[in-house]
Amino acid sequence: MKTSNQKPYIAELHDIGKLADTEALKKAGLEISGHTYHNFDFKQLGIPPPISPSWWGQWSDSIKSLVAVSGLPSGITDEGRAYVMLTKIADTIAACVSRPWGEKGEDTEGVRPLWRPNFYNEMRQRGRSWAAFSTPDELKTMFDFIDRCESPQEFFEGYRDNLLLTAEDKSVPFNCIPLGTHLDLTGRIFRVLCHWSELVYQNSNALLEYDGQRIAAVIQAAGNRATDGENRGKWVFRLVACHIRFPQSLVRLQDLNVLRLRRQKIEEIIQNQKVDGDAERQAYAVLFHTDDYLCLFLPKETQLPLKQAMAPLTAEGFWLDYEELEAELNLLTSTGAGTRQQLVDRYGNRERVRERRYFELRHRSLWPELAEEVKTPLCDICQQRQGELHLKNQVSEWLCPMCSKMRNLGEPVRALSEWSESAVWLKVSLDQVLLLECLERLFGNYVDNGSGMANVAENDREALKEAFRPLAAQTEFVQQYHELLDAFQASLHSMNSIRDTVLYPIPEYKELAVILTDQTEIPFLALDSFLKLLIERFPECLEDCPIRLSASVSNIKFPYHAHWQFFEEQQEAGVIFDIQQPRVRRTKLRAQQFQALRKMLKRGKFSHFLHRLAAVESEAGELMSMIEALNRRQEFPQIQALMKDYGLTFSQILDFHRLTETDKRESTAHAQ
Amino acid sequence: MTTQAIAIGERVKRGVFRPCLETIPTSTIIGCLREHFGLEGAVAIGFFDSGTYQKRLFTYAPFDSVIGTAKLPLTLEYLAPQKVGKEITAQVYVTATPEARSSFAKGEVRVVAMGALRSKGFGRCQLQFVEEVQPGRKVGYLRGSLRETDAPAFGIDPERDVVRPVYGYLFRPDSYHIGGRYERALTAGTILDGPDFLMDEEAYPYDR
């Protein structure tokens, strides 16, 4: 935020001190306490303190009220005090929505992501470290940076590695959140608070006003947490988790433009955060997003209707399925249902909660304008508006203006329409509901089994688990997911056998790829590569993995909407591969099952035996086929191992075997 | 209701694959009751019993009599009995209007037809009146599709009772039954406060 002296106030810098290695600096002879430097004796370095407004951020833990008169930085204005207090509020909300509260375990070095516990050690072995400032000279550069830094982006880009490797809190189990993620959330929330609040004076006392509510202290704005006390917070904001859906069934290749359009509109929503294009004033904040999901922080509905913020999407026919929590700042959590229950338990019933606190949890949908009646014919693609006749290559279609416009956005890839053989469609997806369940399990495991938790009592551990707020971990996971998609694309392009045949129909949409090939082994090379990357980046969440790769193998002429229907099917936790030859066979596999099948079916001739077992199973049941397999275990030990050790059925083994067989005829004969 | 094979198509066009629904929308069953029982005012909806059916595919080539050739073959998804020798069963709920009460006698079995490809034997159903019930109410996920204009007949006020709509469109024929219009409908996944037989699982009690 620009202050009156035109130097920026950068809220994110309030925690830059966490990047300093206090122990190393103490060994170098400096006297330091804590991670804030507002009490630091600058004579030790022989330099003056910074003079930029961002320096005031060091007081964010001290200035909890606008009326505080002592212990303030020299030269701070009322405006500056307001910024520092809003930083404190934003910091509190970012922590409240995004991480657990409770008893701490031991301090550790570096970050420990829940899904990749060894991440910091891996990075350390590559010579990277969490600390950015370990010597007195480096500490001087920190103060210099506070003075000259012009934007949050400069901070995040300049210290990217350190912000990723430093934990927001060094104590187990709180060390699972990178400092960078926490500060990113804090900064986004801060800019929204700044935009909607105004510095006003009452009897010459400075106050902050939002939505007609004036406050002088953090507690007045935020209130107490659900479990802490009963102070009602005056400031009400919203946290919205939003799934973006489209009604179109994808019929022609051009209909894939809906994916491009959706991405463009999400970008537009991200751009629209900035009021009049000014990055420092934000009407709302997109905390994180994927191609079909947005997580937003907004003011009250009466201040900024969601319909207005999401207009770019709804104007193009997309509809939104969202869960919205509108509450006092300290009641805003990313586990709304749990907090609602805590409040009901505390106050007795929902009505009493309403009398004492502001907390509204809603599940709603936001639709574009849809007429109550539509004259025939209905649009063939979206089925939500009246269609007009379109003729192309002697084929007539009824399309509404919106779907027609979408088709005219261009033809995604001409090579696809010119290909006439088999192709493999690959679709990667991330299920946010499964992700939240997975994070909760991982956090529970960490609390129970993490090193450094031995001294935390059993009941404190349970309290920690209950208090887990997944938003920051979710944000970081989504970031890692985007990196996985980039790495997968790079991996496909680096393989000689795939490089020239892999296409991304919408280049910027990295969840969907198609490999033009007749060879059945090639898609499995892609699947091998995907699993390798997944194990490398998310080793701890394979058993209930929220990421899935669906592969649909067919002739290129096979209808797109049938592939898409398959890709849109509900994900199952831990099923990493869902592979089909449409209407012929389909198999769902977990990581270990896939690896075992790849390893054991590589050698040997099983086809006739697998067919025999499948026939026995369908005619006489699983028990009889198991007996048959046992009878011939000497001859085919792999089959028994796959069944017994990896929980695979004969049908799964057979289907997988048929999918990998180099028999071109069958893979095309069934396709249409 | 029982049947041996039925295909109530999802309104997905322009594909050679026609998926089918696993519920009986109000538009389909109301049309059937009007055709077979002459019921003009009754509102109804139906749900196939899970475990009694499986999805199968039927491929056929429509014939273009004008140019005398077969068109591109279509693959139609339909419901077939789960087990050989058994039938698909469904529960059909009809609002108990005086007109409807007089049309159904307990135990009486009536043969009706609905859905696609009736000329090829699909959609022949036996409908039997079981009992008159007084449904309870709950907040849950709608498991079928009903036109908004049919909702009040089930005691649902779209303004008041619908928590999270999922919209689609269902056909409403005109009085001559040769044309009609599409009406906005609540489809599966809608969260609403309504009669319990319409709901799948109970939804979390969100605030309104």
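Key figures for this structure:
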read-out	value
Spin-label zone in segment A:348-385 - amide nitrogen under 11 Å from a point set 7 Å from the Cα of A:Thr302 along the C-beta vector	none
Spacing of the two label points (7 Å from each Cα toward its C-beta) at A:Ser33 and A:Leu199, in nm	3.0
Along principal axes, Cα extents of segment A:182-248, largest first, whole Å	59, 30, 25
Pairs from A:Lys18/A:Lys300; A:Lys274/A:Lys300; B:Lys86/B:Lys106; A:Lys557/B:Lys120 whose Cα-Cα separation, in the structure shown, is over 26 Å	A:Lys18/A:Lys300; A:Lys557/B:Lys120
Net charge contributed by nearby residues that have their C-beta within less than 13 Å of B:Gln126 (K/R +1, D/E -1)	0
Cα centroid separation - segment B:128-144 against segment A:28-79, whole Å	67
Pair-distance profile P(r), taking every C-alpha pair of segment A:181-306, with 10 angstrom steps and integer %	11, 33, 30, 16, 7, 3, 0
Paramagnetic label zone (point 7 Å from Cα along Cα-to-C-beta, A:Glu440; backbone N under 20 Å) in segment B:141-182	B:141
Under 13 Å from the A:Arg632 label point (7 Å along Cα→beta-carbon), backbone N, segment A:593-622	A:605-617
A:Asp107-A:Asn449 pseudo-label distance in nm [points 7 Å out on the Cα-to-Cβ vector]	2.8
Cα centroid separation, segment A:471-541 to segment B:75-113 (Å)	49
Principal axis box of segment A:385-457, alpha-carbon based, largest edge first, Å	75, 36, 16
Angle in degrees between helix A:521-537 and the longest Cα principal axis of chain A, rounded to the nearest 10	20
Total formal charge among the other residues, if their Cβ is under 14 angstrom from that of A:Phe133, Lys/Arg +1 and Asp/Glu -1	-3
Estimated distance in nm for a label pair at B:Val111 and A:His243, the labels positioned 7 Å out from Cα along Cα-to-Cβ	4.3
Using a Förster distance of 60 Å, the FRET efficiency for A:Arg148-A:Glu568 (Cβ separation, nearest 0.05)	0.75
Rounded if a/c under 1.5, otherwise prolate or oblate - segment B:1-84, Cα gyration tensor axes	oblate
Largest to smallest principal axis extent of the C-alpha atoms in segment A:53-188, angstrom	46, 36, 25
Using alpha-carbon coordinates, inclination of helix A:78-98 to the longest axis of chain A, degrees	30
Rounded if a/c under 1.5, otherwise prolate or oblate - segment A:77-141, Cα gyration tensor axes	oblate
Stokes-Einstein D in µm²/s, Kirkwood radius over Cα pairs - chain B at 20 °C with 1.002 mPa s viscosity	117
Chain A: angle of helix A:607-620 to the longest principal axis, Cα-based, in degrees nearest 10	90
Dipole-positive endmost among B:Phe171, B:Pro152, B:Pro205 within segment B:135-208 (Cβ charges, Cα centre)	B:Phe171
A:Asp460/A:Ser74 FRET efficiency (R0 35 Å; Cβ-Cβ; nearest 0.05)	0.25
Loop-exposed GluC sites (Glu not before Pro) per DSSP, neighbour cap 12 Cβ within 10 angstrom, longest uninterrupted part of chain B	B:133-208
Residues with amide H under 5 Å from that of A:Leu378, placed H, sequence gap 5 or more	A:Gly387
Over segment B:135-208 - Rg/Rh using Cα atoms and the Kirkwood inverse-distance radius	1.03
Potential lengthening between A:Glu536 and A:Arg126 on full extension [0.36 nm per residue; Cα-Cα distance subtracted]	146.1 nm
Computed over the protein assembly as shown, the ratio Rg/Rh where both radii use C-alpha atoms and Rh is Kirkwood	1.00
FRET E, pair A:Ile51, A:His482, Förster distance 60 Å, beta-carbon r, rounded to 0.05	0.95
Structure-based [θ]222 nm, chain A - -39500 (n - 2.57) summed over DSSP H runs of at least 4, per residue, nearest 500	-12500 deg cm²/dmol
Charge context of B:Arg184, other residues only, Cβ under 10 angstrom, K/R +1, D/E -1	-3
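Coordinate-derived values only; no laboratory data. What you see is a predicted model; the values in this text were computed from it and never measured. All Cβ positions, glycine included, derive from the backbone under ideal geometry; neighbour counts span all protein chains shown.
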